[in-house]
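**Q** Structure below; questions to follow.
The values are calculated or read from the model by the stated rules, or taken from the named source; none is laboratory data. For clarity, every value in this text was computed on a predicted model and none was experimentally measured. Backbone-built Cβ (ideal geometry, glycine too); neighbour counts: all protein chains shown.
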């Protein structure tokens with residue numbers, strides 16, 4: 001497209017044309033080009049028949065993109081932004097000359113590396129809360145877990161309200177427009193739910209459907225450059241948008257494509273618009289994929305339950321979620337489909353790899369690993385305290401690898417240095433493949449305060465790595481009972497320490513537990529698989 005090399009949908013062609021030759025004062029990288037293409041698509045669709053004059057800016061610092069929100073309507077910007085180009089666009093399919101002009105300012109945000117820090121909510125109370133959490137994370141976490149216990153008990157004892165139901169006619173005969181699936185995602189970043197969502201985008205394309213992807217959370221969207229999104233129409237939404245623009249945008253998508261179904265993956269904005277979609281486009285099938293119960297906030301499970309009367313089918317990845325929806329919340333079992341992600345990151349679970357060190361020197365150190373995002377949910381600070389305690393007890397008989405990054409990254413690195421663990425805990429960023437760490441590990445410790453079923457549990461088993469996990473979500477489905485530890489931080493640290501010490505001294509027990517774990521993972525993997533369910537779903541939608 002006029003030297004910009006902007007991506008296009010693989011069906012139906014672009015939804016906008018460039019009317020004014022682009023002027024670029026600074027080159028765009030591939031991530032920025034894809035974000036810009038999404039922004040131009042949105043702006044053209046919500047201003048049909050209008051020549052939209054776009055000023056493109058870039059932020060210097062930790063500012064997320066501004067692509068579709070009301071700030072794009074203002075022709076001014078803060079000092080920390082620089083102009084990188086200008087162009088004009090017009091929505092395609094216009095039979096008459098433009099009826100007017102509209103100026104918008106699209107900001108591509110700051111660099112990826114500056115947008116992974118902890119989001120600080122404004123206000124003195126939040127500032128004090130963050131300071132306390134950073135200073136005494138274990139004590140803060142202990143209080144947090146007690147509060148979670150209260151929320152959990154309350155949610156288990158109360159049914160959730162539902163919106164009213166109305167007719168769901170079968171999908172009508174296909175239109176002349178390209179068949180499509182509308183996906184709702186959280187953001188385009190690394191994560192288990194995001195990895196599955198991206199896989200479904202690929203599957204829709206393979207099934208002959210045009211993927212349309214919207215996201216609703218602020219992010220640099222580093223994964224937008226992945227080949228899985230080649231040919232997809234990707235539109236990262238930034239908020240707040242006006243109500244008129246939201247409905248115009250959605251209606252334009254349904255006008256341009258024969259949207260056979262909507263598949264929601266942890267996207268609040270799209271969830272909340274499902275009743276309107278059901279009313280306006282009643283033949284469109286509506287499904288979602290659910291991963292984890294959020295006891296503190298209710299999370300996406302609560303949203304899905306509230307909207308269940310307009311959703312055709314709920315896909316869940318664990319028995320725990322199925323039982324909660326059916327047994328606790330009274331959904332029909334026929335409406336809830338259990339289909340696991342056991343094979344999402346591993347090709348097979350029939351035979352695990354040989355455990356690292358099986359044929360190595362008997363006196364080599366036991367390697368204990370943490371693999372995951374540095375977030376409050378994953379609690380990386382607990383792993384650092386575990387490593388410190390075990391090093392005092394076992395010395396050089398044990399080594400530690402901490403693999404990940406995320407919003408708590410700076411705090412974790414400061415804690416790592418403050419505790420003098422530079423020579424004890426090796427820190428690895430996501431630039432190192434997870435497989436490299438698991439090939440070296442004997443034990444994987446999962447410290448999370450909540451999960452569905454972790455993909456790293458399957459990856460660890462495939463590498464012959466024994467998993468010790470907090471007893472959260474449906475981890476009991478894949479982790480040996482003896483290696484499940486309490487969620488609360490004090491008991492978790494104490495019991496995990498005892499387990500690692502025992503396993504370091506008893507390699508025969510480690511080998512026996514590894515065999516038991518593999519049998520458990522293989523049994524879980526024998527359950528219906530999400531890939532099969534999704535493939536059948538999309539084939540029906542495109543029939």
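**Q** Filter segment 308-331 down to residues that are farther than 27 Å from residue 276 by Cα and out of contact with any helix residue (DSSP H, G or I) (no Cβ under 8 Å at 6 or more places or on another chain) and give me whichever is surrounded by the fewest Cβ atoms within 10 Å (Cβ to Cβ).
**A** Looking at residues that are farther than 27 Å from residue 276 by Cα and out of contact with any helix residue (DSSP H, G or I) (no Cβ under 8 Å at 6 or more places or on another chain), I get 327.
**Q** State whether the residues of segment 3-17 include one that is assigned to a helix (DSSP H, G or I) and without any contact (Cβ under 8 Å) to a residue 40 or more places away in the chain.
**A** no
**Q** Then there is this: Before we move on, is residue 236 more than 22 Å from residue 62 (Cβ to Cβ), touching a strand residue (DSSP E or B) at 6+ places or on another chain (Cβ under 9 Å) and at pLDDT 95 or above?
**A** So residue 236 does not fit the description; no.
**Q** With in a helix (DSSP H, G or I), within 25 Å of the chain's Cα centre (by Cα) and either more than 30 Å from residue 363 (Cβ to Cβ) or touching a residue at least 24 places away in the same chain (Cβ under 8 Å) (or both) as the only criterion, which of 482, 536 stands out?
**A** 536
**Q** So, in segment 488-533, exactly how many residues are out of contact with any strand residue (DSSP E or B) (no Cβ under 8 Å at 6 or more places or on another chain) and either under 16 Å from residue 444 (Cβ atoms) or part of a helix (DSSP H, G or I) (or both)?
**A** Number of matching residues: 24.
**Q** Take segment 262-300 and flag every residue that is surrounded by 21 or more Cβ atoms within 10 Å (Cβ to Cβ) and part of a helix (DSSP H, G or I).
**A** Of everything in segment 262-300, those that are surrounded by 21 or more Cβ atoms within 10 Å (Cβ to Cβ) and part of a helix (DSSP H, G or I) turn out to be 270, 271, 274, 278, 300.
**Q** Here's another thing I want to ask about it. Going through segment 211-228 one residue at a time, which ones are in contact (Cβ under 8 Å) with a residue 40 or more places away in the chain and in a loop (DSSP other than H, G, I, E, B)?
**A** Selection gives 216, 218, 219, 220, 221.
**Q** Just to be sure I understand, how many residues within segment 383-414 are in contact with a helix residue (DSSP H, G or I) (Cβ under 7 Å, 6 or more places away or on another chain), more than 21 Å from residue 439 (Cα to Cα), touching a residue at least 60 places away in the same chain (Cβ under 8 Å) and assigned to a helix (DSSP H, G or I)?
**A** 7
**Q** Take the residues in segment 429-454 that are over 23 Å from residue 495 (Cα atoms) and in contact (Cβ under 8 Å) with a residue 24 or more places away in the chain, then tell me which one is surrounded by the fewest Cβ atoms within 10 Å (Cβ to Cβ).
**A** Top of the filtered list is 429.
**Q** Any idea which of 245, 230, 255 is surrounded by fewer than 23 Cβ atoms within 10 Å (Cβ to Cβ), over 15 Å from the mean Cα position of the chain (by Cα) and more than 22 Å from residue 43 (Cβ to Cβ)?
**A** So the residue among 245, 230, 255 that is surrounded by fewer than 23 Cβ atoms within 10 Å (Cβ to Cβ), over 15 Å from the mean Cα position of the chain (by Cα) and more than 22 Å from residue 43 (Cβ to Cβ) is 230.
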